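Notes to accompany the following structure.
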Amino acid sequence: MPTPTIKPPFSLCYGTDSMRGHASAATVFNFALLGAVCLLAGCHTRDADKGSVRVTRAKVIGVYETKSDNSSERLELKSEGTDVQDFTSKSPPFRHTGRWRMEDLFLDGSQVVLENAALSGNDATRPTSFGDLNLYTHQRSGKLALARNEAADWYYDRISK
């Protein structure tokens with residue numbers, strides 16, 4: 001009597017009854033997980049975001065200052081959600097009052113958003129422009145600072161609480 005042959009439930013070789021064309025749930029999950037990790041890693045990076053920190057609203061309240069060769073700007077963030085921008089340059093001094101809010105960035109630090117802020121001082125060469133201004137919270141030399149342009153090393157340094 002011939003010995004019966006046992007046919008396996010599947011074969012890893014190509015041909016009939018093979019797994020070709022069938023991806024297992026674990027393989028699909030692994031590729032989806034890898035894609036999600038790559039996507040999140042790409043979302044996290046921002047130009048020059050070293051030192052970026054997450055802070056509470058109470059921690060950013062205070063007075064900040066930034067200076068350039070020809071001008072300076074003083075920014076005061078008040079606890080009730082208003083801000084005051086004071087510009088000083090060769091042109092007459094300029095003051096603007098507005099509102100601010102906090103936002104936490106996904107897998108990153110926080111940002112202060114000045115709503116309808118003065119984006120430039122009032123000078124003779126161009127009129128003042130207004131819009132939302134995103135300032136990223138950073139730790140610099142042990143103190144909180146607000147980054148206006150990290151790549152250009154343009155920060156508002158805290159001068160008082």
Item checked: Residue in the range 144-155 that is charged (D, E, K, R) and under 19 Å from Thr56 (Cα atoms) present -> yes
Next item on the list: Please find, among Val84, Val55, the residue that is modelled with pLDDT of 90 or more, over 20 Å from Gln139 (Cβ atoms) and of a type in the set (A, V, I, L, M, F, W, C).
Entry: Val84
Check: Mind checking whether some residue in the range 118-128 is modelled with pLDDT under 90, acidic (Asp, Glu), over 19 Å from Ala145 (Cα atoms) and not in a loop (DSSP other than H, G, I, E, B)?
Finding: yes
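The values are calculated or read from the model by the stated rules, or taken from the named source; none is laboratory data. Computed from a predicted structure; not experimentally measured. Note that each Cβ is placed from the backbone with ideal geometry, even for glycine, and that neighbours are counted across all protein chains shown.
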